[in-house]
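Worksheet: the structure to be examined is printed underneath.
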Ligand SMILES: NC(=O)c1ccc[n+]([C@@H]2O[C@H](COP(=O)([O-])OP(=O)(O)OC[C@H]3O[C@@H](n4cnc5c(N)ncnc54)[C@H](OP(=O)(O)O)[C@@H]3O)[C@@H](O)[C@H]2O)c1
């Protein structure tokens, strides 16, 4: 992908900030200079910047927040996604929209394909699914990438959050009753580049390989950072003050991505290791 002609919106978020590190020369915008809920300003921006690819990382992403702020969630995740896609269409750009494994209800024992029926359990998930539809309606030149549990180099990223909590010497309580696929921001950036380069459009699933629980992910982080895993305590999601429902098992098939690009996503162990090294952690047990 010619990264110099890419515009990233939501550029100060977890995904957006990491994508900019991976894509030299790409332009990044976020609130307040780019507000996707403002249709006219999206049009103006894109008419002025004329990017070839617009990657929408902007969103209302607080799953519990969305549950009690439905109108605002829909304004950003549905109307906003649609405005940006319309503006991209008018400016002759391809739009890449990030979406989520939460569009599924998590009752399947196998992997979800792109064609499987969706059933969002929360306002956040509903808004993301409607956002996909708004993008599809706005322009045929779209790639929707549904990802799993995003982690990267933001302070709120799970890898950093676990290391921080490990640092205070207390037991670290982590949920062990939900299964998903960790997905590293740097690998998503590469996957988007590959999808753009092969010239496909439509919906694609992309995650790192290997379903796990958050506790299993935390255990790997502890082991690699040389910390005592005995301090990890398994809890269930019912012990957390969550308002919104999450899928119990959201595992996405990446077969369509593999076929389109000829590339295989990496195992999450390797990508968590990469993230730790990038954050300056010396790896143990390698
Ligand atoms: N995090 C995950 O585990 C996960 C999993 C699956 C899919 N996704 C999807 O991946 C995408 C990126 O997620 P993320 O975790 O990187 O999100 P994030 O860290 O919350 O970043 C979102 C960014 O969008 C900005 N934003 C909010 N409203 C906006 C508006 N009206 N106009 C322009 N920018 C706006 C936010 O600014 P403020 O911070 O100032 O509001 C923030 O900088 C989202 O579409 C999300 O649904 C995330």
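The values are calculated or read from the model by the stated rules, or taken from the named source; none is laboratory data. In this text, all values refer to a predicted model and were calculated from it rather than measured experimentally. Note that each Cβ is placed from the backbone with ideal geometry, even for glycine, and that neighbours are counted across all protein chains shown.
A few remarks follow.
- For first residues located in region 145-171 and free of Cβ contacts under 8 Å to residues at least 24 places away in the same chain and under 19 Å from residue 224 (Cβ atoms), partners that are near the ligand (Cβ under 10 Å from one of its atoms) and in a loop (DSSP other than H, G, I, E, B) and lie 6+ apart or on another chain with Cβ distances below 7 Å do not occur.
- Candidate set: region 4-20, residues that are more than 16 Å from the chain's Cα centre (by Cα) and surrounded by fewer than 18 Cβ atoms within 10 Å (Cβ to Cβ); chosen: the one nearest to the ligand (Cβ to nearest atom): 5
- For region 137-153, residues that are touching a helix residue (DSSP H, G or I) at 6+ places or on another chain (Cβ under 8 Å) and under 30 Å from residue 90 (Cα atoms) total 10.
- Residue satisfying condition, being at pLDDT 95 or above, away from the ligand (no atom under 13 Å from the Cβ), more than 18 Å from residue 195 (Cα to Cα) and in contact with a strand residue (DSSP E or B) (Cβ under 8 Å, 6 or more places away or on another chain), within set 107, 139: 107
Residue-wise test of (1) touching a strand residue (DSSP E or B) at 6+ places or on another chain (Cβ under 7 Å); (2) touching a residue at least 40 places away in the same chain (Cβ under 8 Å); (3) exposed (fewer than 14 other Cβ atoms within 10 Å of the Cβ).
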{"site": "199", "(1), (2), (3)": "no, no, yes"}
{"site": "204", "(1), (2), (3)": "yes, yes, no"}
{"site": "210", "(1), (2), (3)": "yes, yes, no"}
{"site": "220", "(1), (2), (3)": "no, yes, no"}
{"site": "225", "(1), (2), (3)": "no, yes, no"}
{"site": "235", "(1), (2), (3)": "yes, yes, no"}
{"site": "242", "(1), (2), (3)": "no, yes, no"}
{"site": "247", "(1), (2), (3)": "no, yes, no"}
{"site": "252", "(1), (2), (3)": "yes, yes, no"}
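- Scanning region 96-105 for residues that are part of a loop (DSSP other than H, G, I, E, B) and under 17 Å from the mean Cα position of the chain (by Cα) gives a single hit, 104.
- Residue count for region 152-190, restricted to those that are in a loop (DSSP other than H, G, I, E, B), surrounded by fewer than 17 Cβ atoms within 10 Å (Cβ to Cβ) and more than 14 Å from the ligand (Cβ to nearest atom): 6
- Scanning region 23-45 for residues that are surrounded by 19 or more Cβ atoms within 10 Å (Cβ to Cβ), part of a loop (DSSP other than H, G, I, E, B) and more than 8 Å from the ligand (Cβ to nearest atom) yields 23, 26.
- Top-ranked residue in region 46-64 [being touching a residue at least 60 places away in the same chain (Cβ under 8 Å) and farther than 18 Å from residue 138 by Cβ; ranked as farthest from the ligand (Cβ to nearest atom)]: 64
- Close pairs (8 angstrom Cβ cut-off, 6 or more residues apart or separate chains): free of Cβ contacts under 8 Å to residues at least 40 places away in the same chain in region 128-140, surrounded by fewer than 19 Cβ atoms within 10 Å (Cβ to Cβ) anywhere: 129/118
- When we screen 114, 86, 67 for residues that are away from the ligand (no atom under 13 Å from the Cβ), surrounded by 15 or more Cβ atoms within 10 Å (Cβ to Cβ) and assigned to a loop (DSSP other than H, G, I, E, B), the only hit is 114.
- Flag for residue 197 being within 25 Å of residue 97 (Cα to Cα), within 13 Å of the ligand (Cβ to nearest atom) and not in a strand (DSSP E or B): no
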